[in-house]
Amino acid sequence: MTFTPDLIKQAAQRLQGHIRRTPVMPIDAAELNTTGDVTLKLEFLQHSGSFKARGALNYMLANPIGPAGVVAASGGNHGGAVAWAASRLGHRASIFVPTISAPVKVERLHGYGAEVNQVGAVYAEALAASQELIESTGAASIHAYEDPDVMAGAGTTALELENQLAEISRQSPDVVLVACGGGGLAGGMAAWLGDRTKVVACETSTTRAYAAALGAGRPVDVEVSGIAADALGATKIGELAFQQLQAANAPSVVVTDDEVQQARHILWSQFRILTEPSAAVPVAALISQRFIPEPNSHTVVLICGANTEPSKFDSSAEPHNTGAEGEG
């Protein structure tokens, strides 16, 4: 299908009054070991603790949902967003998660009233189980990123960002750094920003589906593991997202797990922001200087999720297994 910015405009209209307008926060660039103007977009303050609420809710508002409700297979954030949106709109939600899912994310699913099914050690097994339920009940399936309504919802983050920066007379961004797994968020933002602002997809060395696709010229399967695998661990970037990122000439910046953990600690020590590992990946791109902004440019760093357990802040306590759906 043809994905256009009009889909994002329509999503923004649907979502009015349902989602939070998350803040932007200009900071001193030196605090992230970089130069120029830097602004943080605090999307981790969104309902359900991540940007995923936008896409899940937009899908349910744009499509008829029957009595069987909705089904999602998710390592965490997408499932939480689907469960939250279903609760808000009065729909039944059945969420399938692999056993590697962070306990804090599973607890939130129960808190939203979802039926939670922990099936299999990897995402693929949870996905297969969810498909069986969909076929037997006719429930609506909401994919984490390979759906135009989900990606349009994610893209409203970029529309909102531009409006906010204009309101505070902040220079339009030259670059937006965004975490990338399956590519729904990065692809949606690239679709909205077009050639006005460069979108940089930020990945880890063990969750690099977009980098691999750039090398091959098409989406290809990759093995995933490491600190951000429960949220960015797509084994292949979405076709729809890849199209948008390619059209925008979006580069990939790859960081290490150690750099991600350092970024999380800097976010906490400098700003008292506690994020999940995947949300710190764009920050790691700056502090490691794997991405160096042009002189006098304006860089926006999107911090997309905070579904982590505060008592398990150390890297040793985060999931390092494989098989998440790659939500970013």
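The values are calculated or read from the model by the stated rules, or taken from the named source; none is laboratory data. Keep in mind that this is a model prediction, so the values were computed, not measured. Cβ sites come from the backbone with ideal geometry, for glycine too, and all protein chains shown count toward neighbours.
Give the range 117-159 a look and list any residue that's modelled with pLDDT under 90, surrounded by 24 or more Cβ atoms within 10 Å (Cβ to Cβ) and not in a helix (DSSP H, G or I), or say none.
Hit for the range 117-159 is A144, nothing else.
List pairs: first in the range 76-105 and closer than 16 Å to V122 by Cα, second of a type in the set (K, R), Cβ under 8 Å, 6+ apart or cross-chain?
G76/K105; N77/K52; N77/K105; H78/K52; G79/K105; V97/K105
Contact list please: Cβ distance under 6 Å, first residue in the range 11-23 and farther than 14 Å from R88 by Cα, second residue part of a loop (DSSP other than H, G, I, E, B), pairs at least six apart or on different chains.
T22/Q46
For residues that are in contact (Cβ under 8 Å) with a residue 40 or more places away in the chain and within 30 Å of G194 (Cβ to Cβ), scanning just the range 250-270, find the one that is surrounded by the fewest Cβ atoms within 10 Å (Cβ to Cβ).
For the range 250-270, the residue satisfying everything is P251.
Taking the range 90-106 only, how many residues are within 23 Å of I227 (Cα to Cα) and of a type in the set (D, E, K, R)?
1
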